[in-house]
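In what follows, a single structure is set out as structure tokens and then discussed.
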Amino acid sequence: MNHPLTSGSRRSMKISVSGTYSSGKTSTVMALSHYTGMPRTLARTIREILPETLPGVRLADVQPAQFLQLTLRRHTGRAVHEALLGDNFISDGSSLQEWLYGVGRTIHGMNPNATAENEGGRAAETTEEMAFFSAVVDQYGQAFKHHVKNTFDAYVHLRHELPIDVDGHRPMNNAFRATIDTMLLATLDELDIPYHVVSGTMEKRLETIAGIFDLKPVMSTAEAIELGRRDYARQDFRMETERVPAGA
């Protein structure tokens, strides 16, 4: 269900921009921050956390217990940066994302790449280890949903209109991607968090989102998109196994 959000005088808001792999979350958040003047959260990504947590291990090879640690670290980083920004910011996703990436692995396997050709992209069997992993992920979900419900005022959900970016890091399993997308929107309905599904070009996304929340632009869309492009290009896209752990 898409809940309307009453617009009016500009006020502080905590907005999450959500979407699955390759939906353009990060680039949209970067450009939107410039376009509206709202700060954005800067919590580290799994790609950044993984090398210092599990040196030399690829995301595709992470085991259930290890994935739980990565999930906890990612959530903690998010919560800290959200608190630092107070009552006015745009977030690249939320902790629902970390929980659902775990749920997705209980359905499609720890390495969704390996099950992409299966019927429905699903894992062939459930082991005792994966059953326990599923139970823990469910408990994480209870905590993360409570956190998100008490943190965010609204969500913008981006349709996955583009093919998955083949970067060697993202799971190449469209069924996995669809599972995350469907469950995320169902969870927002469950939590009664207002959300708006947005699509189109970057220019259209920026104008639509600003209009939804009555956010006054502080520059042109072209300027914001260019600044966002520069921010995006400054990211470190090396594979996790190519990185030197922090402090090493």
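The figures follow:
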{"quantity": "Some residue of region 94-117 being over 20 Å from the mean Cα position of the chain (by Cα), farther than 24 Å from residue 25 by Cα and open to solvent by less than 10 Å² (accessible area, probe 1.4 Å)", "calculated": "no"}
{"quantity": "Every residue from region 195-229 that is in contact with a helix residue (DSSP H, G or I) (Cβ under 9 Å, 6 or more places away or on another chain) and of a type in the set (Gly, Ala, Ser)", "calculated": "199, 200, 210, 220, 222, 224, 228"}
{"quantity": "Residues of region 178-220 classified as aliphatic (A, V, I, L, M) and not in a helix (DSSP H, G or I), total", "calculated": "6"}
{"quantity": "Enumeration of residues in region 133-150 that are under 13 Å from residue 96 (Cα atoms) and surrounded by 15 or more Cβ atoms within 10 Å (Cβ to Cβ)", "calculated": "137, 140, 141, 144, 145, 147, 148, 149"}
{"quantity": "Count - residues of region 79-104 that are more than 17 Å from residue 188 (Cβ to Cβ) and either free of Cβ contacts under 8 Å to residues at least 40 places away in the same chain or aliphatic (A, V, I, L, M) (or both)", "calculated": "6"}
{"quantity": "Where residue 130 falls short, out of the listed (1) over 15 Å from residue 97 (Cα atoms); (2) at pLDDT 95 or above; (3) hydrophobic (A, V, I, L, M, F, W, C); (4) in contact with a Phe, Trp or Tyr (Cβ under 9 Å, 6 or more places away or on another chain)", "calculated": "(4)"}
{"quantity": "Identity of the residue in region 10-21, open to solvent by 20 Å² or more (accessible area, probe 1.4 Å) and touching a Lys or Arg at 6+ places or on another chain (Cβ under 9 Å), that ends up modelled with the lowest pLDDT", "calculated": "10"}
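The values are calculated or read from the model by the stated rules, or taken from the named source; none is laboratory data. Quantities reported herein were computed from a predicted structural model and do not represent experimental measurements. So basically every Cβ, Gly included, is an ideal-geometry build from the backbone, and we count neighbours across all protein chains shown. Accessible surface is based on the protein model in full, side chains and every heavy atom, while ligands, DNA and RNA are left aside. Shrake-Rupley method; radii C 1.70, N 1.55, O 1.52, S 1.80 Å.
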